[in-house]
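Heads up: the structure comes next, in structure tokens.
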Amino acid sequence: MSKDWKKILSAEEYHILREKGTEKPFSGKFNNHFEDGIYTCKGCNKELFSSSMKFNSGCGWPSFDNEIENANIDKIKDTSFGMIRTEIVCSNCQSHLGHLFVDGPTKTSLRYCVNSISINFKKNESK
């Protein structure tokens with residue numbers, strides 16, 4: 001996918017989605033957002049998470065315990081900052097979303113820790 005990302009995204013969005021940056025904890029608009037709908041990739045609108053998968057982890061970033069389809073998010077070993085983590089990126093446009101941890105409180109034990117800046121929200125209008 002060849003897009004001119006700097007023309008499409010703001011400087012902050014570009015830093016997070018294309019340069020693997022991180023927004024400050026508790027600063028994102030979706031951290032305490034719990035409306036019914038679907039969270040999509042900011043880079044390409046690929047559906048990533050349902051609101052039914054979201055939970056309040058208290059970590060400062062939106063957290064999900066699963067993804068909509070296993071094929072929508074790629075998982076990549078991340079050894080930056082002297083840690084071993086799993087980076088999550090959109091499988092369609094390779095935009096950086098955040099990281100995946102196996103410390104979640106739900107039965108999946110997963111915590112997809114996502115930057116609010118890397119996602120959009122489509123409200124479920126059927127209710």
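The values are calculated or read from the model by the stated rules, or taken from the named source; none is laboratory data. Computed from a predicted structure; not experimentally measured. We place every Cβ from the backbone using ideal geometry, glycine too, and count neighbours over all the protein chains shown.
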Criterion (more than 26 Å from residue 8 (Cβ to Cβ), at pLDDT below 95 and surrounded by 13 or more Cβ atoms within 10 Å (Cβ to Cβ)) met by exactly one of 104, 58: 104
Subset of the stretch 77-97 that is of a type outside the set (D, E, K, R) and touching a Ser or Thr at 6+ places or on another chain (Cβ under 7 Å) - its residue that is surrounded by the most Cβ atoms within 10 Å (Cβ to Cβ): 97
Number of the condition not met by residue 98 [criteria: (1) at positive phi; (2) at pLDDT below 95; (3) in contact with a strand residue (DSSP E or B) (Cβ under 6 Å, 6 or more places away or on another chain)]: (2)
Selection within the stretch 1-26 - outside any helix (DSSP H, G or I), among the charged types (D, E, K, R) and under 13 Å from residue 87 (Cβ atoms): 20
Strands (runs of 3 or more DSSP E) completely within the stretch 39-106 that count 3 or more residues being closer than 19 Å to residue 21 by Cβ and touching a Cys at 6+ places or on another chain (Cβ under 7 Å): 96-101
Residue ID - surrounded by the fewest Cβ atoms within 10 Å (Cβ to Cβ), chosen from residues in the stretch 107-124 that are in contact with a helix residue (DSSP H, G or I) (Cβ under 6 Å, 6 or more places away or on another chain) and not in a loop (DSSP other than H, G, I, E, B): 117
